[in-house]
Amino acid sequence: MRVIYDQKTDTLTIVLGEAPVAESDEDKPGIILDYDASGSIVSLEILDASRRVIQPTRMVYELAGQPA
């Protein structure tokens, strides 16, 4: 998994897998889901991220049940 914030385009992308994107769907305005050929989600793109995410350049990774 990778998380990429592009300041130039103000886009936050969360890449869940490396399969090629076969289809994209704008689920809600500014939220794009990318799917592979079998229908699994490959990535999630958030447009205008600085307006939708409190700190698009900061990320905390946590495991459920583990202290932060």
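Bear in mind these aren't lab numbers, they're just calculated from the coordinates by the rules spelled out. Predicted, not measured: the structure shown is a model, and the values here were computed from it. All Cβ positions, glycine included, derive from the backbone under ideal geometry; neighbour counts span all protein chains shown.
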Which is farthest toward the positive dipole end of the chain among Leu47, Leu16, Ala64, measuring Cα position about the Cα centre, with Cβ charges +1 (Lys, Arg) and -1 (Asp, Glu)?
Ala64
Among the GluC sites (Glu not before Pro) in segment 1-66, which ones are in a DSSP loop with at most 14 other Cβ atoms within 10 Å of the Cβ? Mind listing them?
Glu18, Glu62
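Which chymotrypsin sites (Phe, Trp or Tyr not before Pro) does the chain hold that lie in a coil by DSSP with at most 10 other beta carbons within 10 Å?
Tyr61
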Longest exposed-site-free window of the chain, the sites being trypsin sites (Lys or Arg not before Pro) in a DSSP loop that have at most 16 other C-beta atoms within 10 Å:
9-57
Would you work out the charge dipole size for the chain about its Cα centre, treating the Cβ of every Lys and Arg as +1 and the Cβ of every Asp and Glu as -1, and quote it to the nearest 20 debye?
400
The long-range amide H neighbours of Val42, using H built 1.01 Å from N in the peptide plane and a cut-off of under 5 Å, are Asp34, Tyr35, Asp36
Compute the distance from the alpha-carbon center of segment 30-65 to that of segment 1-28, in whole Å.
7
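For Arg58 and Tyr35, calculate 0.36 nm times their separation in residues minus their Cα-Cα distance, and state this gained length in nm to one decimal.
Stretched out fully, the Arg58 to Tyr35 stretch lengthens by 5.7 nm.
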From the helices alone, meaning DSSP H stretches of at least four residues, give me the mean residue ellipticity at 222 nm for the chain, per-run term -39500 (n - 2.57), in deg cm²/dmol to the nearest 500.
-1000 deg cm²/dmol
Determine Rg/Rh for the chain; Rg is computed over alpha-carbon atoms and Rh is the Kirkwood hydrodynamic estimate from the same atoms.
1.01
